[in-house]
Structures are given as C-alpha cells and as structure tokens.
Amino acid sequence: MRAEVFLHERRWRWLRWGAPAAAVMGGLFGWWVVAWQADARSDEPVVAQPARTVAAGATARAAPYSAVGQQTREAQLALWQQRLERAQEALQTYSEHTRYPHTSRPAEEQSDQMFPNDPVVEDHPLREPQSKSGTAAEGVRLRATQERVFVQGDESVRFTVALLDDQGQALPLRVLNAAAREVTAPTVASQYPVLPVGFNDEGTNGDREAGDRELTATLRPSAQGFAKLAGQIRLEVFLEGRGERGFTYFDIYVTPEAPAAWNGRVRDVVEGGSLNFYLGAAVREPGRYVVTGRIDDASGQPFALLTFNDEVGRGDTEFRLSLFGKLLRDAPPTMPLTLRDVVAFRLREEGYPDRALMPRLNGAVHVSGKHAPTSFSDAEWSADERSRYLAELTRDVQEAQKKVDQLSPSEPKR
C-alpha cells in the first residue's frame, strides 16, 4: 500500500482556511490585472490632429472617433461588471464557508474523516516491482486492504490481498513470500530482524471466510519482534495469479508508548453558546496535541467533526472538543448527541514519523444531555483572520461597484 496514499491524515484542520483564502486572493489578483489593463488603455494620451486639417475632414472624422470612445467605455464597463460579479461571489463564498470555525465542521464536508476505522482500500495493476512502469497483466487488478495506518501500543493490523477480474470476481491467488521489516534512512541500519508473515484463506488468524479467495494476514508489532520500535514498518508481498507474478506492499507507523493516557472522564457542558465535550487525560509528554472526534445525532446519523489543536503541558488536563452553536442552530440535530471514534496524537517536530499516538477511543465515547436548541448561539464565528478577509473582500466589491457606477450611462432626465 503506497505510503503517499495514507499520508492524507497529515491534512490538519487548523490549516483549512489557507487554501480557500489563497484561491480567493489569487482570483482577485487576476481580476485586478484585467481591470488595470482596461484602465491603462483608457488613460492613453490622445494625439492632437495637425493644424492643417481642413474643417470638412475634421467633420468627417468626428463621428468615427466618437464611436470608438463609446466602444472603449462599453468594453471597460463589461470588464468591471464581470469583476463585480466575481468579487460578490468570492465574498459570499468565503462568508458562508467560514460561518463555523475550522474546529467544528458539518459532517458532509468531512466524509473522508467520519469513519476512521474503515479499512484503507487500494486497487492497482498486477506486476512485479522491477516492471513498475512496464506492462501489467491485462483483465485483472490486485485489491489490497489494511485495517489502519498508524498503530499504537498493542494494536494489531489486518491486511488482505485479492485478485479480481474486470467483473469484480475473485480469482485464484497465491502468496509466494511476505515479510515485514523496519524502514530506515538510507545510511541507518535496522535494529530489527526481517519478520516472515503468513497469509491464509482458511478462516483463521483474522481471515473472515475460508475459501473466498481473499488472503489475510495479521501483524501485531509489539508481540512480533517490534516491541520498542517507534517508526515505520513495511510489509512486502510477492504474489502469483493467473500465471502472472505481482508485488505489493503496506506501510504502517508505530508508536510503542503513548505520550498521554485517557483517564476515562468525559463530560459535556453548554458554554458560550456552544456545546463543549471535555475528555480527561494524563499528559506524559508536553507539546502540541491534535484530537479529533465524531458527533452522531440520536438516530446515528453523522452530524459533525470536532478538532482540538493546541499546546498542552505535562500533567492532568482536559481536551476540549467544541460543537459550535450556530452549527447546532442551522441544522438542529435530534438529541442526545454521541461523541465517538476519538483519535489523538502529539505532533513530533523531531524525528520520524511526525506523530506519537494516544490510544484510540473506538465506538461511542460519551452521550450528551438533551439540550434545547435555544441553548445555543446563532452568531457566526468571529476571529481576527476572518474579519480581515471579509473586510478585504468587501472593499473589492465596493471598488468594483463604484467603477461600474462611473462607467454606466446616466439615466435620462424626465
């Protein structure tokens, strides 16, 4: 399983506004260039006609020059009207997208983050590693899955491989060799031996159904020779199916000792017009922690993704996951709400991988009280960054509107 497929987990939510802001400002820069070019053309000096021009000639040319001036004005008006429409659209889009903070977002925006325990699935051609850019076996594809990418403590990981035809039917497949090894820097030698890994289709060792042609292996790093490893493990698999040989690999990232431990205390409280969930923990290693939790309504439908991202000191603490009031007011969920599937880690500025995981809190973690919708604030999110962008985008709209008004023909007097 390609490592780059999994590193989408590094898209930390506190950076969410950088992309939309850059897109908005980039678009506005393009509009400014167009408008500037139009202004430059309108300011070109008018060359005086020679004095010897006879009155008849001047009269003959008066009409064409007047028409050219009108066409230039109309062209400028069209450009500024276009800029006004785009500026209004940019203001509206940014305003709507930032009604809620980046730490409290609707579930439909974060569909790829709402079920972190779903296996990672990848289809790719069946071919050997040395022929990566060469011809692959036709009419078949290799499907590889893994239970998780980041592994903490005694967690295990389930891997599967299957060979499928164009209709999605499983074909006979044989694993020739599979082994797990530590991935190190080019100049660093591994301190851990290569571990042979067995795949089976016998309904044992994690295999769900015997004889379904989906081969399964389970790896528990802490119990299989990697107990002290804090880093990357690669499982390489050589296969054969329908007379063709192939290769795939899976990457996992291991945290043997958690930087903080949950103490089991969870509570919810309405504060400042929002619903806050507090999760108690004992922090062993201070630093920046990222905690993500999912919220379902009373019917089990995903409602929101909540994120904590801040510096935390050593000792007992509470991580706050805040469900923004306006989000609760705009689309009132059926109460009570369930906090589930909490994933947390400490960012590591040094070393690799870039995070140290806390134990996962799988499934339901806490059920809230039945709070009335009127308990929550209907105010939009307020922050200095948002205020600055809204002010800049509003100025763009006002400037474009002013230019359109100046270039528009005046209404005839009655």
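Below are the figures for this structure:
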quantity	calculated
Over 16 Å [Cα-Cα, region 69-139], rounded percent	75 percent
Ranked order, F277, F199, F115 - accessible area, probe 1.4 Å, largest first	F115, F199, F277
Using alpha carbons only: equivalent-ellipsoid semi-axes of region 183-318, gyration tensor based, whole Å	39, 24, 14
E96-D154 pseudo-label distance in nm [points 7 Å out on the Cα-to-Cβ vector]	5.1 nm
Value in Å of the Kirkwood radius, where region 263-306 supplies the Cα pairs that are averaged	12.7 Å
Contour excess over end-to-end distance, with Cα ends at S387 and A210 and 0.36 nm allotted per residue	57.8 nm
Distance from region 233-278 to region 99-168 (C-alpha centre basis), Å	13 Å
All-pairs Cα distance distribution in region 322-414, expressed in whole percent, bin size 5 Å	2, 9, 10, 9, 9, 11, 12, 10, 8, 6, 5, 3, 3, 2, 1, 0
Distant-in-sequence amide H partners of R127 (H built 1.01 Å from N, under 5 Å)	F247
Principal axes of region 252-354: Cα extent on each, largest first, Å	44, 29, 22
Two-site FRET efficiency, A372 against D310, from Cβ-Cβ distance with R₀ of 22 Å, rounded to 0.05	0.15
Spread of Cα-to-Cα distances over 10 Å intervals beginning at zero, given as percent, for region 97-195	11, 27, 30, 21, 10, 1
Qualifying GluC sites (Glu not before Pro) for region 326-414 [loop in DSSP, other Cβ within 10 Å: at most 12]	E349, E350
Protection proxy ranking, peptides 330-343, 246-259, average beta carbon neighbours within 10 Å, highest first	246-259, 330-343
Accessible-area composition of region 130-210, carbon plus sulfur, in percent [1.4 Å probe]	47 percent
Those trypsin sites (Lys or Arg not before Pro) in region 65-160 that DSSP places in a loop and that have at most 16 other beta carbons within 10 Å	R99, K132
Region 206-240: GluC sites (Glu not before Pro) falling in loop per DSSP and having at most 13 other Cβ within 10 Å	E209
Q406-A261 pseudo-label distance in nm [points 7 Å out on the Cα-to-Cβ vector]	7.0 nm
Region 300-370: Cα Rg divided by the 2.2 N^0.38 Å rule of thumb	1.35
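The values are calculated or read from the model by the stated rules, or taken from the named source; none is laboratory data. The model shown is predicted, which means the values in this text are computed figures rather than measured ones. Cβ coordinates were reconstructed from backbone atoms using ideal geometry, including for glycine residues, and neighbour counts include every protein chain displayed. The accessibility values were calculated without ligands, DNA or RNA, using every heavy atom of the protein model including side chains. Shrake-Rupley method; radii C 1.70, N 1.55, O 1.52, S 1.80 Å.
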